[in-house]
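Peer 1: Dropping a structure here in structure tokens format, bear with me for questions.
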Amino acid sequence: MGLLSGIRNLFVVLREHERLVLDAVEARLEDTAKARFASQVENVRRAERGSDGKEVICRATTLTDADRFAEHGHVLLGTVVIAAHKRDVRSEVWLLAGALFSVTFDAAPSRWASNPLRVKSVSLWEDPMLPPAARQAIDESGVRDWFTELPCAGTLSNLTAPLPPDVIERRLRALGCNVPRDWRGLALLADGLQCGPVQVHGLSGARVVVLPANELVVIAESDEPRLLVLDRTKNDGRVYEQNLEDETTRDLGPSFREALKSYTSTLTPTPP
């Protein structure tokens, strides 16, 4: 390796397969959106990867308002399918606070990234230049009825107005897994809320956590290191409790309401 080549490699923050995904998404964007996304990618100065490389958090230098998209929360911008020898790899590009946040892969790059790669398909799930969709009115009585039998029913707060039905359906498809019917129903009533010590996420707050063995969608959490999640790998529509400390998983069944009841009953009581 020559001296100049070695110096250039010191500044290579994103790896070839990661740039392939980002370039594919950029190519599908138009005009101002394309320019802003390109600026966000070029401003990435640090990439934080898990040990298996399935998730890459992109840390950029300070971005100006002119570099950012409209604020849509933590949203999936696009999905890219990569053809890698004898397998297809699904990758996702996520935004946070109107800018590139992360790139995820459904398989560890060590298993496929050294092969010749090509982009097989690209799907965009959001138009990042559009302002956030006008939200619907909150049906507070409907929300409280949904929580009637839960221990935290009397402590609901921070109700967020629901997204329009068409946006809800688009984001449900973007999640890439089956979801509990009652969680879908709750999303039509509120796009997230606080239920006692538990933050219940709607489709603007649900996020993907990439682990070595699977991909999880976080739909509720508290200050304790336990999450209520959907397992994208199993894609069975069931709710699981994922313990981040001992890495154990508990199957709580197909009902989000029943899972939430079980979860809240095992939380450590908050001192008065």
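Peer 1: May I ask you to list the residues in segment 26-45 that are in a helix (DSSP H, G or I), out of contact with any Ser or Thr (no Cβ under 9 Å at 6 or more places or on another chain) and under 19 Å from Lys120 (Cβ atoms)?
Peer 2: Passing the criteria: Glu26, Ala27.
Peer 1: While we're looking at this one, here's another question. Look through segment 134-155, keep the residues that are modelled with pLDDT of 90 or more and under 23 Å from Val229 (Cβ atoms), and return whichever of them is surrounded by the most Cβ atoms within 10 Å (Cβ to Cβ).
Peer 2: Top of the filtered list is Phe147.
Peer 1: Please pick out the residue among Asp65, Asp127 that is surrounded by fewer than 16 Cβ atoms within 10 Å (Cβ to Cβ) and within 27 Å of Leu189 (Cα to Cα). It would help to see each step written out before you state the result.
Peer 2: On the way: Asp65 fails: within 27 Å of Leu189 (Cα to Cα).
Within the list Asp65, Asp127, the selection yields Asp127.
Peer 1: Check segment 93-102 and report whether any residue there is assigned to a loop (DSSP other than H, G, I, E, B), among the aliphatic types (A, V, I, L, M), touching a residue at least 24 places away in the same chain (Cβ under 8 Å) and touching a Ser or Thr at 6+ places or on another chain (Cβ under 7 Å). Let's see the steps before the verdict.
Peer 2: The first filter runs over segment 93-102 and keeps only residues assigned to a loop (DSSP other than H, G, I, E, B), leaving 97-98.
Next, only the ones that are among the aliphatic types (A, V, I, L, M) stay: 97.
Now narrow it down to the ones that are touching a residue at least 24 places away in the same chain (Cβ under 8 Å): 97.
Imposing the further condition that a residue be touching a Ser or Thr at 6+ places or on another chain (Cβ under 7 Å) reduces the set to none.
No: zero hits.
Peer 1: Any idea how many residues of segment 103-128 are under 19 Å from the mean Cα position of the chain (by Cα), assigned to a loop (DSSP other than H, G, I, E, B) and farther than 27 Å from Tyr263 by Cβ? It would help to see each step written out before you state the result.
Peer 2: Within segment 103-128, the subset under 19 Å from the mean Cα position of the chain (by Cα) is 103-108, 122-128.
Retained after the next criterion (residues that are assigned to a loop (DSSP other than H, G, I, E, B)): 106-108, 125-128.
From what's left, farther than 27 Å from Tyr263 by Cβ: 107-108, 125-128.
Here the count works out to 6.
Peer 1: State all residues of segment 148-200 that are on the phi > 0 side of the Ramachandran plot, out of contact with any helix residue (DSSP H, G or I) (no Cβ under 6 Å at 6 or more places or on another chain) and not in a strand (DSSP E or B); if no residue qualifies, say none.
Peer 2: Asn158, Gly176
Peer 1: Is it fair to say Ala60 is in contact (Cβ under 8 Å) with a residue 24 or more places away in the chain, surrounded by fewer than 21 Cβ atoms within 10 Å (Cβ to Cβ), out of contact with any His (no Cβ under 6 Å at 6 or more places or on another chain) and farther than 12 Å from Leu100 by Cβ? Full working, then the answer.
Peer 2: Numbers: in contact (Cβ under 8 Å) with a residue 24 or more places away in the chain: yes; surrounded by fewer than 21 Cβ atoms within 10 Å (Cβ to Cβ): yes; out of contact with any His (no Cβ under 6 Å at 6 or more places or on another chain): yes; farther than 12 Å from Leu100 by Cβ: no.
In short, no.
Peer 1: Under 9 Å between Cβ atoms, which residue pairs at least 6 apart in sequence (or on different chains) link something in segment 249-271 that is in a loop (DSSP other than H, G, I, E, B) with a partner that is of a type in the set (Val, Ile, Thr)?
Peer 2: Once the first residue is in a loop (DSSP other than H, G, I, E, B) and sits in segment 249-271, its partners that are of a type in the set (Val, Ile, Thr) give Pro254/Val239; Ser255/Val239; Leu267/Val198.
Peer 1: Only one of these is of a type in the set (Ser, Thr, Tyr), more than 23 Å from the chain's Cα centre (by Cα) and more than 16 Å from Arg90 (Cα to Cα): Thr160, Thr155. Name it.
Peer 2: Numbers: Thr160 fails: more than 23 Å from the chain's Cα centre (by Cα).
On inspection, the qualifying residue turns out to be Thr155.
Peer 1: Outside any loop (DSSP other than H, G, I, E, B) and either at pLDDT below 95 or over 23 Å from Cys177 (Cβ atoms) (or both), is that true of Ala70?
Peer 2: So Ala70 does not fit the description; no.
Peer 1: Something else about it: Please give the number of the condition Val119 fails out of (1) more than 30 Å from Ala66 (Cβ to Cβ); (2) modelled with pLDDT of 90 or more; (3) surrounded by 13 or more Cβ atoms within 10 Å (Cβ to Cβ).
Peer 2: (1)
Peer 1: Next question, about the same structure. Looking at Val209 and the list (1) at pLDDT 90 or above; (2) within 18 Å of the chain's Cα centre (by Cα); (3) surrounded by fewer than 18 Cβ atoms within 10 Å (Cβ to Cβ), which single condition is not satisfied?
Peer 2: For Val209, the failing item is (1).
Peer 1: Follow-up question, since we're still on this one. Pick from segment 213-227 the residues that are of a type outside the set (Gly, Ala, Ser) and more than 16 Å from the chain's Cα centre (by Cα): which of them is nearest to Leu175 (Cα to Cα)? So that I can check it myself, show each step before the final result.
Peer 2: Going through segment 213-227, the residues of a type outside the set (Gly, Ala, Ser) turn out to be 214-219, 221, 223-227.
Going one step further and asking which of them are more than 16 Å from the chain's Cα centre (by Cα), we end up with 223-226.
Details: Asp223: 24, Glu224: 25, Pro225: 23, Arg226: 21 Å.
In this case the residue turns out to be Arg226.
Peer 1: Here is a check on your reading of the model: is Leu230 in a strand (DSSP E or B) and not acidic (Asp, Glu)?
Peer 2: yes
The values are calculated or read from the model by the stated rules, or taken from the named source; none is laboratory data. Computed from a predicted structure; not experimentally measured. A quick note on method: Cβ atoms are made from the backbone with ideal geometry, for glycine too, and the neighbour counts reach across all protein chains shown.
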